[in-house]
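The values are calculated or read from the model by the stated rules, or taken from the named source; none is laboratory data. Here the structure is a predicted model, which means the values were calculated and not measured. Using ideal geometry, Cβ is built from the backbone for each residue, glycine included, and neighbour counts are taken over all protein chains shown. SASA here: full protein model, heavy atoms, side chains in, ligands and nucleic acids out. Shrake-Rupley method; radii C 1.70, N 1.55, O 1.52, S 1.80 Å.
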Amino acid sequence: MRIVLGVGGGIAAYKAASLLRLFTESGHDVTVIPTEAATRFVGTATWEALSGHPVSNSVWDDVDKVNHVRLGHEADLIVVAPATADLLARAAAGLADDLLTGTLLMARGPVVMAPAMHTEMWQHAATRANVETLRSRGIIVIEPASGRLTGVDSGPGRLPEPADIHAAALAATRRGGALQGKRVTISVGGTREALDPVRFLGNRSSGKQGMALAEAALAQGAHVTLVLAHAEVAPPRGCDVVRVESALQLRDAVLAALPATDLLVMAAAVADFRPAEMVATKIKKNDDGTDPVLTLVRNPDVLREAVLARDAVPAREDGAGPLVIAGFAAETGDATADPLTHARAKLARKGCDFLVLNVVGSDLVFGEDSNEVTILGADGSESAPVRGTKRAVADAVIGHAAGLLAR
Ligand code: CTP
(Lines give C-alpha, C1' and ligand atoms only; values in the text may rest on other atoms or scores of the structure.)
Protein backbone atom coordinates (compact mmCIF):
# COMPACT_ATOMS: atom_id res chain seq x y z
CA MET A 1 0.00 0.00 0.00
CA ARG A 2 1.16 3.55 -0.66
CA ILE A 3 0.82 5.58 2.50
CA VAL A 4 1.37 9.28 3.17
CA LEU A 5 2.29 9.93 6.78
CA GLY A 6 1.65 13.56 7.67
CA VAL A 7 3.42 14.75 10.80
CA GLY A 8 2.19 17.84 12.64
CA GLY A 9 4.31 20.15 14.76
CA GLY A 10 3.83 18.74 18.24
CA ILE A 11 6.21 17.09 20.67
CA ALA A 12 4.57 13.73 19.88
CA ALA A 13 6.16 13.94 16.41
CA TYR A 14 8.88 11.63 17.71
CA LYS A 15 6.28 8.88 18.18
CA ALA A 16 5.43 9.12 14.49
CA ALA A 17 8.85 7.56 13.84
CA SER A 18 7.62 4.35 15.54
CA LEU A 19 4.39 4.52 13.56
CA LEU A 20 6.40 4.89 10.36
CA ARG A 21 8.36 1.77 11.23
CA LEU A 22 5.19 -0.20 11.87
CA PHE A 23 4.02 0.69 8.39
CA THR A 24 7.30 0.00 6.63
CA GLU A 25 7.88 -3.26 8.50
CA SER A 26 4.49 -4.49 7.41
CA GLY A 27 5.58 -3.96 3.82
CA HIS A 28 4.05 -0.57 3.01
CA ASP A 29 5.62 2.22 1.00
CA VAL A 30 5.48 5.39 3.09
CA THR A 31 6.14 8.99 2.10
CA VAL A 32 6.43 11.32 5.07
CA ILE A 33 5.22 14.91 4.85
CA PRO A 34 6.07 16.81 8.01
CA THR A 35 4.84 20.35 8.52
CA GLU A 36 7.46 23.07 8.86
CA ALA A 37 6.84 23.07 12.62
CA ALA A 38 7.21 19.27 12.82
CA THR A 39 10.76 19.50 11.47
CA ARG A 40 11.67 21.54 14.57
CA PHE A 41 10.91 18.43 16.63
CA VAL A 42 12.20 15.71 14.30
CA GLY A 43 14.47 16.56 11.38
CA THR A 44 13.83 15.52 7.78
CA ALA A 45 16.92 13.27 7.84
CA THR A 46 15.13 10.96 10.29
CA TRP A 47 12.07 10.68 8.06
CA GLU A 48 14.16 10.17 4.93
CA ALA A 49 16.27 7.45 6.50
CA LEU A 50 13.30 5.59 7.99
CA SER A 51 11.04 5.88 4.95
CA GLY A 52 13.65 5.56 2.20
CA HIS A 53 12.11 8.51 0.37
CA PRO A 54 13.04 12.18 0.06
CA VAL A 55 11.07 14.40 2.39
CA SER A 56 9.76 17.90 1.82
CA ASN A 57 7.09 20.13 3.28
CA SER A 58 7.05 22.75 0.57
CA VAL A 59 5.06 22.86 -2.64
CA TRP A 60 8.07 24.67 -4.14
CA ASP A 61 10.41 21.62 -4.03
CA ASP A 62 10.49 19.31 -7.10
CA VAL A 63 7.85 21.44 -8.80
CA ASP A 64 8.15 19.33 -11.99
CA LYS A 65 6.75 16.33 -10.06
CA VAL A 66 3.68 18.33 -8.97
CA ASN A 67 3.92 16.65 -5.60
CA HIS A 68 1.05 18.56 -3.98
CA VAL A 69 -1.29 16.84 -6.47
CA ARG A 70 0.51 13.54 -7.03
CA LEU A 71 1.08 12.40 -3.44
CA GLY A 72 -2.55 12.75 -2.36
CA HIS A 73 -3.82 11.22 -5.57
CA GLU A 74 -1.58 8.17 -5.42
CA ALA A 75 -1.93 7.45 -1.70
CA ASP A 76 -4.06 4.46 -0.70
CA LEU A 77 -4.13 5.90 2.80
CA ILE A 78 -3.16 9.18 4.48
CA VAL A 79 -2.39 9.14 8.18
CA VAL A 80 -1.70 12.33 10.13
CA ALA A 81 0.01 11.83 13.49
CA PRO A 82 0.24 13.93 15.51
CA ALA A 83 -2.56 16.17 14.27
CA THR A 84 -2.16 19.40 16.21
CA ALA A 85 -5.02 21.84 16.94
CA ASP A 86 -3.58 24.11 14.25
CA LEU A 87 -3.37 21.35 11.66
CA LEU A 88 -6.95 20.19 12.37
CA ALA A 89 -8.08 23.82 11.93
CA ARG A 90 -6.21 24.24 8.66
CA ALA A 91 -7.52 20.94 7.31
CA ALA A 92 -11.09 21.79 8.35
CA ALA A 93 -10.80 25.19 6.68
CA GLY A 94 -9.52 23.58 3.48
CA LEU A 95 -6.28 25.54 3.45
CA ALA A 96 -3.54 24.34 1.12
CA ASP A 97 -0.66 26.49 2.27
CA ASP A 98 1.90 23.69 2.56
CA LEU A 99 2.50 20.26 1.04
CA LEU A 100 0.61 18.36 3.75
CA THR A 101 -2.61 20.41 3.68
CA GLY A 102 -2.50 20.45 -0.14
CA THR A 103 -2.12 16.66 -0.12
CA LEU A 104 -5.08 16.30 2.24
CA LEU A 105 -7.26 18.18 -0.25
CA MET A 106 -6.20 15.79 -3.03
CA ALA A 107 -6.83 12.59 -1.02
CA ARG A 108 -8.73 9.84 -2.79
CA GLY A 109 -8.35 7.10 -0.18
CA PRO A 110 -9.12 7.10 3.54
CA VAL A 111 -7.66 9.82 5.77
CA VAL A 112 -6.99 9.05 9.43
CA MET A 113 -5.96 11.83 11.83
CA ALA A 114 -4.58 11.14 15.31
CA PRO A 115 -4.76 14.31 17.40
CA ALA A 116 -2.30 15.30 20.11
CA MET A 117 -2.53 18.53 22.08
CA HIS A 118 -3.15 19.90 25.55
CA THR A 119 -6.51 19.02 27.07
CA GLU A 120 -7.75 22.64 26.98
CA MET A 121 -7.01 22.86 23.25
CA TRP A 122 -8.72 19.52 22.55
CA GLN A 123 -11.80 20.57 24.51
CA HIS A 124 -11.95 24.11 23.06
CA ALA A 125 -15.11 24.85 21.08
CA ALA A 126 -13.02 25.76 18.02
CA THR A 127 -11.29 22.37 17.99
CA ARG A 128 -14.56 20.55 18.69
CA ALA A 129 -16.14 22.25 15.67
CA ASN A 130 -13.12 21.46 13.46
CA VAL A 131 -13.17 17.80 14.45
CA GLU A 132 -16.89 17.64 13.77
CA THR A 133 -16.41 19.23 10.34
CA LEU A 134 -13.62 16.81 9.43
CA ARG A 135 -15.62 13.79 10.60
CA SER A 136 -18.69 14.95 8.67
CA ARG A 137 -16.50 14.82 5.54
CA GLY A 138 -15.59 11.18 6.20
CA ILE A 139 -12.18 11.81 7.73
CA ILE A 140 -11.47 9.47 10.63
CA VAL A 141 -10.35 11.51 13.64
CA ILE A 142 -9.22 9.08 16.32
CA GLU A 143 -9.97 10.01 19.93
CA PRO A 144 -6.76 11.03 21.70
CA ALA A 145 -5.57 8.98 24.63
CA SER A 146 -5.70 10.24 28.17
CA GLY A 147 -2.56 10.52 30.25
CA ARG A 148 0.62 12.46 30.84
CA LEU A 149 1.03 15.41 28.46
CA THR A 150 4.19 17.38 27.68
CA GLY A 151 4.45 19.28 30.91
CA VAL A 152 3.16 18.41 34.34
CA ASP A 153 -0.42 18.29 33.10
CA SER A 154 -2.33 15.18 32.21
CA GLY A 155 -5.72 14.45 30.64
CA PRO A 156 -7.20 13.75 27.21
CA GLY A 157 -4.94 14.96 24.41
CA ARG A 158 -2.14 12.41 24.39
CA LEU A 159 -1.25 10.86 21.04
CA PRO A 160 -2.66 7.30 20.93
CA GLU A 161 0.00 4.57 20.95
CA PRO A 162 1.55 4.02 17.49
CA ALA A 163 0.18 0.43 17.46
CA ASP A 164 -3.35 1.74 17.98
CA ILE A 165 -2.99 4.34 15.22
CA HIS A 166 -1.54 1.65 12.96
CA ALA A 167 -4.52 -0.65 13.67
CA ALA A 168 -7.07 2.13 13.13
CA ALA A 169 -5.39 3.20 9.89
CA LEU A 170 -5.36 -0.31 8.45
CA ALA A 171 -8.98 -0.83 9.54
CA ALA A 172 -9.88 2.27 7.53
CA THR A 173 -8.51 0.66 4.38
CA ARG A 174 -10.38 -2.60 4.77
CA ARG A 175 -13.27 -1.60 2.62
CA GLY A 176 -12.63 -3.51 -0.58
CA GLY A 177 -9.81 -5.80 0.69
CA ALA A 178 -9.11 -9.14 -0.98
CA LEU A 179 -10.91 -10.99 1.84
CA GLN A 180 -13.83 -8.60 2.14
CA GLY A 181 -16.83 -10.54 3.49
CA LYS A 182 -14.74 -13.69 4.05
CA ARG A 183 -14.60 -15.50 7.38
CA VAL A 184 -11.14 -16.62 8.41
CA THR A 185 -10.36 -18.94 11.31
CA ILE A 186 -6.76 -19.14 12.47
CA SER A 187 -5.47 -21.47 15.18
CA VAL A 188 -2.61 -19.81 17.05
CA GLY A 189 -0.10 -20.59 19.78
CA GLY A 190 0.93 -23.78 21.53
CA THR A 191 -1.38 -26.19 23.30
CA ARG A 192 -0.83 -27.20 26.91
CA GLU A 193 -1.61 -30.75 27.96
CA ALA A 194 -2.42 -31.00 31.65
CA LEU A 195 -0.60 -33.53 33.80
CA ASP A 196 -2.23 -32.44 37.04
CA PRO A 197 -3.82 -29.17 38.21
CA VAL A 198 -0.48 -27.35 38.22
CA ARG A 199 1.65 -29.02 35.56
CA PHE A 200 1.41 -29.36 31.82
CA LEU A 201 3.32 -30.46 28.74
CA GLY A 202 3.77 -27.46 26.46
CA ASN A 203 5.85 -26.25 23.55
CA ARG A 204 7.80 -23.18 22.55
CA SER A 205 5.37 -21.69 20.06
CA SER A 206 5.27 -17.90 20.54
CA GLY A 207 2.11 -17.37 18.49
CA LYS A 208 3.78 -14.48 16.59
CA GLN A 209 3.27 -15.98 13.13
CA GLY A 210 -0.38 -16.72 13.88
CA MET A 211 -0.99 -13.18 15.13
CA ALA A 212 0.69 -11.78 12.01
CA LEU A 213 -1.68 -13.92 9.92
CA ALA A 214 -4.62 -12.46 11.83
CA GLU A 215 -3.36 -8.93 11.15
CA ALA A 216 -2.86 -9.69 7.48
CA ALA A 217 -6.36 -11.17 7.16
CA LEU A 218 -7.90 -8.21 9.01
CA ALA A 219 -6.05 -5.85 6.68
CA GLN A 220 -7.72 -7.61 3.74
CA GLY A 221 -11.15 -7.04 5.23
CA ALA A 222 -11.77 -10.53 6.64
CA HIS A 223 -13.79 -11.34 9.70
CA VAL A 224 -11.21 -13.18 11.80
CA THR A 225 -11.75 -15.77 14.53
CA LEU A 226 -8.68 -16.80 16.49
CA VAL A 227 -8.68 -20.16 18.19
CA LEU A 228 -6.04 -19.14 20.65
CA ALA A 229 -3.91 -21.56 22.64
CA HIS A 230 -1.01 -20.28 24.76
CA ALA A 231 0.84 -17.38 23.07
CA GLU A 232 3.41 -14.80 24.14
CA VAL A 233 1.84 -11.95 22.19
CA ALA A 234 -1.60 -10.39 22.39
CA PRO A 235 -4.11 -10.85 19.58
CA PRO A 236 -4.63 -7.88 17.26
CA ARG A 237 -7.68 -5.72 17.83
CA GLY A 238 -10.72 -6.56 15.86
CA CYS A 239 -10.79 -10.39 15.93
CA ASP A 240 -13.07 -12.75 17.79
CA VAL A 241 -11.03 -14.85 20.18
CA VAL A 242 -11.87 -18.36 21.38
CA ARG A 243 -9.40 -19.32 24.10
CA VAL A 244 -8.34 -22.94 24.41
CA GLU A 245 -5.78 -24.82 26.42
CA SER A 246 -5.37 -28.38 25.14
CA ALA A 247 -5.32 -30.05 21.72
CA LEU A 248 -8.74 -31.57 22.40
CA GLN A 249 -10.23 -28.16 23.19
CA LEU A 250 -8.55 -26.72 20.12
CA ARG A 251 -10.02 -29.49 17.97
CA ASP A 252 -13.51 -28.81 19.32
CA ALA A 253 -13.20 -25.05 18.77
CA VAL A 254 -11.84 -25.42 15.22
CA LEU A 255 -14.49 -27.95 14.18
CA ALA A 256 -17.23 -25.77 15.73
CA ALA A 257 -16.01 -22.77 13.71
CA LEU A 258 -15.77 -24.64 10.39
CA PRO A 259 -19.37 -24.27 9.13
CA ALA A 260 -18.94 -20.47 9.29
CA THR A 261 -15.39 -20.40 7.90
CA ASP A 262 -14.15 -19.71 4.37
CA LEU A 263 -10.47 -20.08 5.18
CA LEU A 264 -8.90 -22.14 7.96
CA VAL A 265 -5.21 -21.64 8.70
CA MET A 266 -3.76 -24.09 11.20
CA ALA A 267 -0.84 -22.09 12.56
CA ALA A 268 -1.04 -23.55 16.07
CA ALA A 269 1.59 -25.89 17.43
CA VAL A 270 -0.72 -28.70 18.46
CA ALA A 271 0.76 -31.27 20.83
CA ASP A 272 0.81 -34.67 19.16
CA PHE A 273 0.57 -36.43 22.54
CA ARG A 274 -1.13 -35.82 25.87
CA PRO A 275 -0.79 -37.57 29.21
CA ALA A 276 -3.02 -40.66 29.24
CA GLU A 277 -4.71 -39.37 32.35
CA MET A 278 -5.04 -35.97 33.94
CA VAL A 279 -4.62 -36.50 37.66
CA ALA A 280 -7.15 -34.44 39.60
CA THR A 281 -4.79 -33.73 42.48
CA LYS A 282 -1.18 -32.60 42.42
CA ILE A 283 1.22 -35.48 41.75
CA LYS A 284 3.38 -36.01 44.86
CA LYS A 285 6.86 -37.37 45.19
CA ASN A 286 6.73 -41.00 46.20
CA ASP A 287 8.11 -41.72 49.66
CA ASP A 288 9.21 -45.20 48.57
CA GLY A 289 11.72 -43.66 46.11
CA THR A 290 10.02 -44.83 42.89
CA ASP A 291 9.67 -42.29 40.10
CA PRO A 292 6.35 -41.64 38.41
CA VAL A 293 5.98 -42.98 34.88
CA LEU A 294 4.25 -40.79 32.35
CA THR A 295 2.12 -42.53 29.75
CA LEU A 296 1.24 -40.51 26.67
CA VAL A 297 -1.53 -41.08 24.15
CA ARG A 298 -1.96 -39.61 20.66
CA ASN A 299 -3.92 -36.43 20.19
CA PRO A 300 -6.22 -36.08 17.21
CA ASP A 301 -4.75 -34.52 14.08
CA VAL A 302 -6.91 -31.39 13.95
CA LEU A 303 -5.86 -30.37 10.46
CA ARG A 304 -6.65 -33.81 9.08
CA GLU A 305 -10.01 -33.89 10.90
CA ALA A 306 -10.91 -30.47 9.48
CA VAL A 307 -10.13 -31.69 5.96
CA LEU A 308 -12.22 -34.84 6.51
CA ALA A 309 -15.11 -32.74 7.90
CA ARG A 310 -14.97 -30.49 4.84
CA ASP A 311 -14.82 -33.35 2.39
CA ALA A 312 -17.77 -35.07 4.09
CA VAL A 313 -20.06 -32.16 3.22
CA PRO A 314 -20.55 -31.89 -0.55
CA ALA A 315 -22.15 -28.42 -0.51
CA ARG A 316 -22.27 -25.86 2.25
CA GLU A 317 -25.59 -25.06 3.84
CA ASP A 318 -25.18 -21.29 3.52
CA GLY A 319 -24.24 -21.60 -0.15
CA ALA A 320 -20.66 -20.46 0.52
CA GLY A 321 -17.94 -21.85 -1.74
CA PRO A 322 -15.59 -24.62 -0.64
CA LEU A 323 -13.61 -24.07 2.51
CA VAL A 324 -9.89 -23.48 1.89
CA ILE A 325 -7.64 -25.16 4.46
CA ALA A 326 -3.96 -24.40 5.03
CA GLY A 327 -1.39 -25.98 7.34
CA PHE A 328 2.09 -25.14 8.51
CA ALA A 329 5.04 -27.50 8.65
CA ALA A 330 8.45 -26.95 10.18
CA GLU A 331 10.76 -29.56 8.68
CA THR A 332 14.39 -30.54 8.84
CA GLY A 333 16.02 -32.85 6.38
CA ASP A 334 17.19 -36.26 7.60
CA ALA A 335 18.85 -39.39 6.27
CA THR A 336 15.70 -40.45 4.41
CA ALA A 337 14.69 -37.23 2.64
CA ASP A 338 15.11 -33.46 2.33
CA PRO A 339 12.65 -31.01 3.96
CA LEU A 340 10.74 -30.46 0.73
CA THR A 341 10.11 -34.18 0.25
CA HIS A 342 8.95 -34.51 3.85
CA ALA A 343 6.65 -31.50 3.40
CA ARG A 344 5.17 -32.85 0.15
CA ALA A 345 4.43 -36.15 1.91
CA LYS A 346 2.84 -34.26 4.82
CA LEU A 347 0.71 -32.19 2.47
CA ALA A 348 -0.57 -35.38 0.85
CA ARG A 349 -1.20 -37.00 4.25
CA LYS A 350 -3.11 -34.02 5.59
CA GLY A 351 -5.08 -33.39 2.39
CA CYS A 352 -5.19 -29.60 2.87
CA ASP A 353 -5.02 -27.09 0.01
CA PHE A 354 -1.58 -25.78 0.79
CA LEU A 355 1.18 -26.16 3.31
CA VAL A 356 3.47 -23.36 4.46
CA LEU A 357 6.88 -24.97 4.75
CA ASN A 358 9.40 -23.61 7.17
CA VAL A 359 12.80 -25.23 6.76
CA VAL A 360 14.35 -25.28 10.21
CA GLY A 361 18.00 -25.80 10.92
CA SER A 362 19.84 -25.17 14.11
CA ASP A 363 18.41 -21.62 14.24
CA LEU A 364 14.85 -22.37 15.30
CA VAL A 365 12.10 -19.96 14.31
CA PHE A 366 10.33 -20.02 17.65
CA GLY A 367 9.92 -16.50 18.99
CA GLU A 368 11.86 -14.88 16.14
CA ASP A 369 10.38 -11.88 14.36
CA SER A 370 11.30 -12.97 10.86
CA ASN A 371 10.81 -16.12 8.92
CA GLU A 372 11.41 -17.85 5.59
CA VAL A 373 8.82 -20.10 4.04
CA THR A 374 7.80 -21.80 0.82
CA ILE A 375 4.14 -22.30 -0.03
CA LEU A 376 3.43 -25.78 -1.40
CA GLY A 377 0.11 -26.25 -3.17
CA ALA A 378 -1.91 -29.47 -3.35
CA ASP A 379 -1.84 -28.94 -7.13
CA GLY A 380 1.95 -29.46 -7.06
CA SER A 381 2.78 -25.74 -7.16
CA GLU A 382 5.69 -24.32 -5.19
CA SER A 383 6.16 -20.62 -4.45
CA ALA A 384 9.48 -18.82 -4.55
CA PRO A 385 10.90 -18.59 -1.02
CA VAL A 386 9.19 -15.82 0.97
CA ARG A 387 11.64 -14.12 3.31
CA GLY A 388 10.98 -11.34 5.75
CA THR A 389 9.11 -10.40 8.86
CA LYS A 390 6.38 -12.71 10.08
CA ARG A 391 3.95 -10.09 8.80
CA ALA A 392 5.53 -10.23 5.32
CA VAL A 393 5.18 -14.02 5.39
CA ALA A 394 1.60 -13.65 6.63
CA ASP A 395 0.76 -11.26 3.78
CA ALA A 396 2.08 -13.82 1.30
CA VAL A 397 0.11 -16.67 2.89
CA ILE A 398 -3.11 -14.66 3.09
CA GLY A 399 -2.59 -13.42 -0.47
CA HIS A 400 -2.17 -17.00 -1.68
CA ALA A 401 -5.34 -18.08 0.17
CA ALA A 402 -7.28 -15.10 -1.22
CA GLY A 403 -6.30 -16.24 -4.71
CA LEU A 404 -7.69 -19.74 -4.03
CA LEU A 405 -10.89 -18.30 -2.55
CA ALA A 406 -11.42 -16.10 -5.58
CA ARG A 407 -11.42 -19.09 -7.96
N1 CTP B 1 -1.53 -30.23 13.45
C2 CTP B 1 -2.81 -30.52 13.86
N3 CTP B 1 -3.00 -31.44 14.85
C4 CTP B 1 -1.97 -32.09 15.41
C5 CTP B 1 -0.65 -31.80 14.99
C6 CTP B 1 -0.46 -30.86 14.00
O7 CTP B 1 -3.75 -29.93 13.35
N8 CTP B 1 -2.18 -32.97 16.36
C9 CTP B 1 -1.35 -29.25 12.35
C10 CTP B 1 -0.47 -28.07 12.69
O11 CTP B 1 -1.24 -26.97 13.15
C12 CTP B 1 0.17 -27.75 11.35
C13 CTP B 1 0.25 -29.08 10.65
O14 CTP B 1 -0.70 -29.92 11.32
O15 CTP B 1 -0.63 -26.90 10.56
C16 CTP B 1 1.56 -29.74 10.66
O17 CTP B 1 2.06 -29.84 11.97
P18 CTP B 1 3.24 -30.85 12.28
O19 CTP B 1 3.50 -30.84 13.75
O20 CTP B 1 4.37 -30.58 11.37
O21 CTP B 1 2.53 -32.18 11.82
P22 CTP B 1 2.51 -33.60 12.34
O23 CTP B 1 1.39 -34.30 11.66
O24 CTP B 1 2.52 -33.61 13.84
O25 CTP B 1 3.85 -34.18 11.75
P26 CTP B 1 5.19 -34.71 12.43
O27 CTP B 1 4.99 -36.18 12.48
O28 CTP B 1 6.25 -34.27 11.45
O29 CTP B 1 5.28 -34.07 13.78
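Restricting to Cα pairs below 8 Å that are 6+ residues apart, what does the relative contact order work out to for the chain? Please round to a whole percent. Value for the chain: 11 percent. Residues of the stretch 377-392 with an amide N closer than 15 Å to a point placed 7 Å from the Cα of residue 338 along the Cα-to-Cβ direction: 382-385. For the pair residue 272 and residue 382 in one chain, pulling the backbone fully straight at 0.36 nm per residue adds 36.9 nm over the alpha carbon distance. Per residue, the chain exposes 48 Å² of accessible surface when a 1.4 Å probe is rolled over the protein heavy atoms with every protein chain present. If you look at the Cα atoms of the stretch 2-174, you get an Rg and a Dmax of 14.7, 47 Å.
Since only 253, 315, 347 are under comparison, the one whose Cα sits farthest along the positive direction of the charge dipole of the chain, derived from C-beta charges on Lys, Arg, Asp and Glu, is 315. Between the amide H of residue 80 and those of 6, 112, 113, 114, distances stay under 5 Å, these residues lying 5 or more places away or on another chain, with hydrogens modeled in the peptide plane. Rounded to the nearest 20, the Cβ-based charge dipole of the stretch 316-391 about its Cα centre (Lys and Arg +1, Asp and Glu -1) stands at 100 debye.
If one computes P(r) from the Cα atoms of the stretch 134-233, what percent of pairs lie at distances over 15 Å?
Working: 3611 of 4950 pairs.
Cα-Cα pairs in the stretch 134-233 separated by more than 15 Å: 73 percent.
Its relative contact order, with pairs defined as Cα atoms under 8 Å and 6+ residues apart, puts the stretch 293-380 at 27 percent. Report the percentage of all Cα-Cα pairs in the stretch 1-85 whose separation exceeds 17 Å, rounded to a whole percent. Counting every Cα pair in the stretch 1-85, those more than 17 Å apart make up 42 percent. With the simple model of a label 7 Å out from the Cα in the direction of the Cβ, residue 73 to residue 180 spans 2.3 nm.
So which trypsin sites (Lys or Arg not before Pro) in the stretch 257-362 pass both tests, a DSSP loop state and at most 11 other Cβ atoms within 10 Å of the Cβ?
For trypsin sites (Lys or Arg not before Pro) across the stretch 257-362 that sit outside H, G, I, E and B with at most 11 neighbouring Cβ atoms in 10 Å, the list reads 282, 284, 285.
Shown here: the chain, whose C-alpha atoms stretch 79, 54, 45 Å along the first, second and third principal axes, sorted largest to smallest. In this simple spin-label approximation, residue 11 and residue 29 carry label points 7 Å from Cα along the Cα→Cβ vector, and these lie 3.7 nm apart. Whole-Hz Karplus values for the stretch 5-14 come out as 9, x, 10, x, x, x, 4, 6, 3, 5 Hz, taken residue by residue from phi with 6.51 cos²θ - 1.76 cosθ + 1.60 and θ = phi - 60°; glycine and proline positions read x.
Among the protein heavy atoms of the stretch 90-190, carbon and sulfur supply 54% of the accessible surface, probe 1.4 Å, non-protein parts ignored.
For the peptides 320-330, 150-160, the ranking by mean Cβ contacts within 10 Å, running from highest to lowest, is 320-330, 150-160. On a 0 to 90° scale, report how tilted helix 208-219 is relative to the longest principal axis of the chain, with both axes built from alpha carbons and the result rounded to the nearest 10. Between helix and principal axis, roughly 50 degrees. Each Lys and Arg Cβ is given +1 and each Asp and Glu Cβ -1; about its Cα centre, the chain then shows a dipole of about 640 debye.
Report in % the part of the accessible area of the stretch 264-407 that belongs to carbon and sulfur, leaving out ligands and nucleic acids; probe 1.4 Å. Please report the intermediate quantities before stating the final value.
Numbers: 4380 of 8170 Å².
The value for the stretch 264-407 is 54 percent carbon and sulfur by accessible area.
Suppose R0 equals 51 Å. What FRET efficiency, 1/(1 + (r/R0)^6) with r the Cβ-Cβ distance, do residue 121 and residue 194 give to the nearest 0.05?
Details: r = 54 Å, r/R0 = 1.06.
Once rounded, the FRET efficiency stands at 0.40.
Comparing mean-square fluctuations of 317, 132, 372 from a GNM of the chain with C-alpha springs under 10 Å, the top value falls on 317.
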